[in-house]
Amino acid sequence: MSANNLQLTDDGRLRHLLTLDGLPARILTQILDTAASFLTVSDAERDVKKVPLLRGKAIFNIFFENSTRTRTTFEIAAKRLSADVVNLNINASSQSKGETLLDTIANLSAMQADMFIVRHAAAGAGHLIARHVAPHIHIINAGDGRCSHPTQGLLDMYTLRHFKGPFHNLRVAIVGDVLHSRVARSQIHALTTLGCPEVRVVAPKTLLPRDVENLGVHVFHKMAEGIKDVDAVLMLRLQNERMRGSRLPSAGEYYKHWGLTPDKLKLAKPDAIVMHPGPMNRGVEIDSAVADGMQSVILSQVTFGIAVRMAVMSILAGN
Amino acid sequence: MKIHIKNGRVIDPASGLDALQDIFVAASHIVGIGGMPANFHANQVIDASGLIVCPGLVDLSVRLREPGLEYMATLETEMHAASVGGVTSLACPPDTDPPLDEPGLVEMLKFRAKHMPGPRVYPVGALTKKLKGEGITEMAELTEAGCVAFSQADAPLIDTQVLLRAMEYAKTFDLPVWLRPQDPHLAREGVAHDGVVAARLGFPPIPVPAETVALSTILLLVRETGARVHLARLSSRAGIEMVRRAKHDGLPITCDVNIHHVHLSEMDTADFNANCHLIPPLRSQRDRDAIRLGLADGTIDVICSDHAPVDDDAKELPFQEAEPGATGVELLLPLTLKWAREAGLPLGKALSYITQHPARIMGIDAGRIGVDRPADLCLFDPEATWVVNRANLASLGKNSPFLGLEMQGRVQYTLIDGHLDYRRGNHQHV
């Protein structure tokens, strides 16, 4: 859990964003505050949705795992900062020809990259890359295995803070496939670091890591107990392949017990908000009436996501 | 060749000897301990002042990577590394390419090893053809070719009926079977202990029941067949407790642990260090404490290096994608000494786990010092400190979790079959 000597410079500034695990509250808050200032750049009213902070910088979106949504949000964020963006989907190209991860990175570094945004199927891929790149190159982890997805965790914190105020008053439930979720891990680390006094996870035993309570969460298996009186319900995406293994019998049974329906949501505080990292499986983990309902802030998450990613890039580039 | 080793502190765990004594070697054997035999004229005198003279180490698991895996390491480099580590007899597992499942392959390996400097090499034969877990091998023929035991190495044996038949067939010739207990289904896709670190980092887990369920099957089949089974690389507190009870019940079993598991835990995987990606996985600190207790009370018979040299390309990957294993044959002695210091154990007792006991399990005349016994000796400086780094590891594999860390205790001379095989200083065979 010594990512910080990689993530932070000797004088305590952010060098790479690899994980929220162990990142100090001061840095998290700095990113959230900076994101607030970038929200206006994305304002629909604005003619030119750009600022010149990263002009001339080359940002490489390197995705070893398929993703359209996350890659696009990073691309938009980079372009709004005036950076040059190159997108690479590696799983289809050189990796299948036997090139190693570090060779790929070395080649791209030789093309004068300033920043790599990396998604990879294995935990710690970003850490490995960060150990091998030249000191001026910055790494942003856009998801590594089941380990972490720090910008998603940050945009969720931004959304929570925006709608619900300071973290020290909040009771938050994370619902769904925590075991396979890098989003859940990042949320948990951010919430505990930012002083949220009660973080709950709600899931069947087959979707929870052993020893998960060591992360500082309260474990619930029943929705009725897990989301009772919470200020926010953070839903997780349930991958379809979970239904094919032995972890769950069917989408129907999952929905019945852990799907967020209007009835279940009534157990939370009346003003509780509902979040989801997308893409949603309507009728599996969340009912459409909730996803599109008054308490849902899911689309705000997407908007804030751009600002948060702009903030991270801008801070890494030294602005 | 006659060698006079003088002024050393001779420790022989088997006889309990621990005294400043001279040792006299002629041809391949020890001809005197203490007083010089009549008409002994040394060709060479080794001043062992300040050194401990112990039996040459015996290591139950050293991968030499031949045949077939020479891109990782070679017979020559790894036999030399073993000698640098004070190892004079080693067993090599059958997980080569092709696996050691035919007498011809074993004979070739024995022949090549015999004509190189370095330790005595004892192949472990494949228990099943191609290690596929389907058909059993020609165990009797393989034994004649030089195999000392039969195992699946780390390959799964899914079909329990095959396991039962293999044990029955081995018992027919009273051949030892070495098994690493791991249920392949429970361990599927896993890379790390199912504990706090895997919860935090999202490593696909290998739960403790992967070990205990397999162990339970093996122990029941031992009761059924009476086969002589050695359990390799135990990793969990629950597994060790099962072995403790089974031994108490009188089952003909022995077991070992990997020296890395005596010192490291899942916490060492928390920074994604691929050199800590081992099979079985490093488990919790409680499991590590149980391993130490199991060693102290004799439940665990042997410490081995489970030496697995891996090339950099296969290790410079994210943790879960990296080839598992650690290079270790050169660290077996200093890490055993470190454990002895930490556990407050007498040196002789600690050394028994890497000399006398593994020799007994391999069924070879080694691991002890005595007149008329083979002159396989390890002379080490118990006070010498050194820092493990890529340059000073003789193994082609530089994949050690201990890179950059200080060791205390270093081999100065290794004698094999009465000749000086290794002397520190020139890093060459003499």
- prompt: A:G143: touching a residue at least 12 places away in the same chain (Cβ under 8 Å), under 21 Å from the mean Cα position of the chain (by Cα), in a helix (DSSP H, G or I) and within 14 Å of chain B (Cβ to nearest Cβ), yes or no?
  reply: no
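Residues in region B:290-321 that are facing chain A (nearest Cβ under 9 Å), open to solvent by less than 10 Å² (accessible area, probe 1.4 Å) and free of Cβ contacts under 8 Å to residues at least 60 places away in the same chain: how many?
Residues of region B:290-321 that are facing chain A (nearest Cβ under 9 Å), as a first pass: B:313, B:316-321.
Next, from what is left, pick out any that are open to solvent by less than 10 Å² (accessible area, probe 1.4 Å): B:318-319.
Add one more test, that the residue is free of Cβ contacts under 8 Å to residues at least 60 places away in the same chain, and what stays is B:318.
Looking only at that region, the number is 1.
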Subset of region B:330-369 (residues that are among the small types (G, A, S), at negative phi and outside any helix (DSSP H, G or I)): B:A366
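Residues checked against (1) within 19 Å of A:G305 (Cα to Cα); (2) in contact (Cβ under 8 Å) with a residue 12 or more places away in the chain; (3) touching a Phe, Trp or Tyr at 6+ places or on another chain (Cβ under 9 Å):
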site	(1), (2), (3)
A:E75	yes, yes, no
A:L81	yes, yes, yes
A:T104	no, yes, yes
A:D114	no, yes, yes
A:I117	yes, yes, yes
A:A122	no, yes, yes
A:H132	no, yes, no
A:H136	no, yes, no
A:C147	no, yes, yes
task: Could you list all residues from region B:1-41 that are among the small types (G, A, S) and either crowded, with 17+ Cβ neighbours inside 10 Å or free of Cβ contacts under 8 Å to residues at least 24 places away in the same chain (or both)?
output: B:G8, B:A14, B:A19, B:A26, B:G32, B:G34, B:G35, B:A38
task: Please state which of the following conditions A:G195 fails to meet, knowing it meets all the rest: (1) within 19 Å of the chain's Cα centre (by Cα); (2) surrounded by fewer than 21 Cβ atoms within 10 Å (Cβ to Cβ); (3) within 14 Å of another protein chain (Cβ to nearest Cβ).
output: (3)
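Yes/no matrix, rows are residues, columns are (1) more than 14 Å from every other protein chain (Cβ to nearest Cβ); (2) open to solvent by less than 20 Å² (accessible area, probe 1.4 Å); (3) among the aromatic types (F, W, Y); (4) over 11 Å from the mean Cα position of the chain (by Cα):
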{"position": "A:H149", "(1), (2), (3), (4)": "no, yes, no, no"}
{"position": "A:L160", "(1), (2), (3), (4)": "yes, yes, no, yes"}
{"position": "A:R182", "(1), (2), (3), (4)": "no, no, no, no"}
{"position": "A:S186", "(1), (2), (3), (4)": "no, yes, no, no"}
{"position": "A:L191", "(1), (2), (3), (4)": "yes, yes, no, yes"}
{"position": "A:T206", "(1), (2), (3), (4)": "no, no, no, yes"}
{"position": "A:L215", "(1), (2), (3), (4)": "no, yes, no, yes"}
{"position": "A:M223", "(1), (2), (3), (4)": "yes, yes, no, yes"}
{"position": "A:V230", "(1), (2), (3), (4)": "yes, yes, no, yes"}
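Do you know which of the residues in region B:64-75 that are of a type in the set (D, E, K, R) and open to solvent by 20 Å² or more (accessible area, probe 1.4 Å) is nearest to B:A126 (Cα to Cα)?
Taking region B:64-75 and keeping what is of a type in the set (D, E, K, R), we get B:65-66, B:70.
Restricting the remaining residues to those that are open to solvent by 20 Å² or more (accessible area, probe 1.4 Å) gives B:66, B:70.
Details: B:E66: 14, B:E70: 19 Å.
The residue in question is B:E66.
Which is within 19 Å of A:I174 (Cβ to Cβ) and open to solvent by 70 Å² or more (accessible area, probe 1.4 Å), of A:R282, A:R247? Outline the logic, then answer.
Numbers: A:R282 fails: within 19 Å of A:I174 (Cβ to Cβ).
The unique qualifying residue is A:R247.
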query: Does region A:250-264 hold any residues that are part of a helix (DSSP H, G or I), open to solvent by 10 Å² or more (accessible area, probe 1.4 Å) and touching a residue at least 24 places away in the same chain (Cβ under 8 Å), and which are they?
result: A:A251, A:Y255, A:H257, A:W258, A:P262, A:K264
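The values are calculated or read from the model by the stated rules, or taken from the named source; none is laboratory data. Only a predicted model underlies this, so the values are computations on that prediction, with no experimental measurement involved. So basically every Cβ, Gly included, is an ideal-geometry build from the backbone, and we count neighbours across all protein chains shown. Please note that ligands, DNA and RNA were not included when accessible areas were found on the heavy atoms of the full protein model with its side chains. Shrake-Rupley method; radii C 1.70, N 1.55, O 1.52, S 1.80 Å.
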